[in-house]
1. I want to make sure I understand the PRE zone here: with the label point 7 angstrom from the Cα of Ala145 toward its beta carbon, which residues in region 220-254 have backbone N atoms less than 18 Å away?
2. Which of Val282, Val140, Val221 moves the most in a Gaussian network model of the chain with Cα springs under 10 Å?
3. Say each of Ala348 and Lys213 gets a label point 7 Å from the Cα, pointing the same way as Cα to Cβ; how far apart are those two points in nm?
4. Grab the beta carbon distance between Glu193 and Ser239, set R0 = 22 Å, and tell me the FRET efficiency rounded to 0.05.
5. Quick one: length gained pulling Asp306 to Ala65 fully straight, 0.36 nm per residue minus the C-alpha distance?
6. Figure the gain on full extension for Tyr232 and Glu111 (residue separation times 0.36 nm, minus the Cα-Cα span) and round it to one decimal in nm.
7. So, by mean Cβ neighbours within 10 angstrom, what's the order for 58-69, 120-131, 154-165 with the highest one leading?
8. What FRET efficiency comes out for Glu104 versus Asp256 if R0 is 45 angstrom and r is the Cβ-Cβ distance? Round to the nearest 0.05.
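What follows is calculated from the coordinates using simple rules that are stated; it is not laboratory data. In this text the structure is predicted, and so the values were computed from the model without any measurement. Every residue, glycine as well, gets a Cβ built from its backbone with ideal geometry; the counts of neighbours run over all protein chains shown.
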Amino acid sequence: MRKNPQKSPARVRTFAAFLAFFASLLALFCALGCTPRPEAAKETSAAMDTVMTLTVYGGETDALAAAKDRVLELEARLSVTDPDSDVSALNRTGTAVLSPDTAELLSRALELCARTDGALDVTVYPVVRAWGFTTGDYTVPDEDALAALLEKVDYTEVRLEGDTASLPVGAEIDLGAVAKGWTGDELAALLREKGVESALLELGGNIHTVGTKPDGSDWRVAVRDPADGEGYLGVVSVSDKAVVTSGGYERYFERDGVRYWHIMDPATGAPARSGLASVTVVADSGLYADALSTALFVMGREAALDYWRANRDFEAILVSEDGSVTVTGGLEEAFTLSGERPLAVVRA
C-alpha cells in the first residue's frame, strides 16, 4: 500500500505565505472597489454678477439644492442693483430694517473696514457707479465730481443698531467686496451640516474648499495670471480653505491708452494704483479672504506685507505690475509657480 507522502515544512510555509498575500490583495481590491467613492453632484448657475459652480461629494440628497437656494436667498438680500434688496432699501431711504443676514454681514464688513484702516470701505459705491462699473456705461469722472462724491465716502459714518442701519444724506453702501466670500462661508457651513465632507465651491474669483478631495488629497486651485486672461500664474494646494483673487484684469475699460479697473482706492476715488496687478488671499474664512484681497490690492506690496506680519492669520500671493511674484511664508511649499519669473518668499 502506498503511503501519502508528507509535505515538507518549506512547502507548508510557502503555501501559507501565498494565502496571506492573496488575502491582502483581496482586502485591497475590496477597499478600492467594494466601497465606491461618492459621486459628484454639480450645479452651475449665474448669481451675484458672476458664474458659480458648486461641486458636492456625498452628504444628504438635498445638499446641493439647499446650497443653491441659499445663494439665491443671499443674492436677493445683498444685491446693490436689485431694487427689492435690503442694501437697495438702505441706499434709497437712508434708514432700513435689515434681515439678520444683511445685518450680520454689514456688521462684520464694518469691522474689516476698521481693521484695514479704510483700505476696504463699503461706502465707496457712489464712486464706483460714477466710473460706470455698475452699468457698463464707462466714463472717467472729472475731478470736481469725484471730490464731491468722496465727501460721502466714510465707513465710520454708517450706523448699525441691532437690525436697523442708517446712512448720512447722500451716502450709499455696497457689500460686493465681501458678499461672495461670506456666501462661501455660509455654503460651507450648510453643507457640513448636511453631512458633506468634500466640496469645491467656485464663486467667480472666489474658491472655497470643504475638506479635502474625495481621495484625501489637497485641492489644487489655479491662480490666474493677471498678464494673461487665459493663462495661470501657478497652483496652490489647500484643504478647508478659501482662496480669493482680486485683480485689475477682472473688470476694466480703456481710454486713450490708459486702463481703468474696478478696484477703487477710497482715498482718491480712482482705480487703485499701488503697483500690484493681483492679490490672492488664502484663509480659513471666505469673508476675510474676500475683504483682504481688495484691501491689500489698495495698500500695495509693502503695506500688504506689513499687514501680514502684524496679523499672521492668512497667506497671500502678490503679483506686481512688473510681473514679479511675492508669496508669504505659509505658502512656500503649497504654491507652485508656472513658468519663469521672479519669485520672492517672505517669511518674516
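1. Of the residues in region 220-254, 252-254 have backbone N under 18 Å from the label point off Ala145.
2. Sorting by GNM fluctuation, first place goes to Val140.
3. That separation, rounded to one decimal, is 3.6 nm.
4. 0.70
5. Values: separation 241, 0.36 × 241 = 86.76 nm, distance 4.19 nm.
Once the chain is fully extended between Asp306 and Ala65, it gains 82.6 nm.
6. Values: separation 121, 0.36 × 121 = 43.56 nm, distance 3.29 nm.
Here the segment from Tyr232 to Glu111 would lengthen by 40.3 nm.
7. Numbers: 58-69: 16.5, 120-131: 23.2, 154-165: 14.5.
Packing proxy ranking, top to bottom: 120-131, 58-69, 154-165.
8. Values: r = 43 Å, r/R0 = 0.97.
Efficiency computed from Cβ-Cβ geometry: 0.55.
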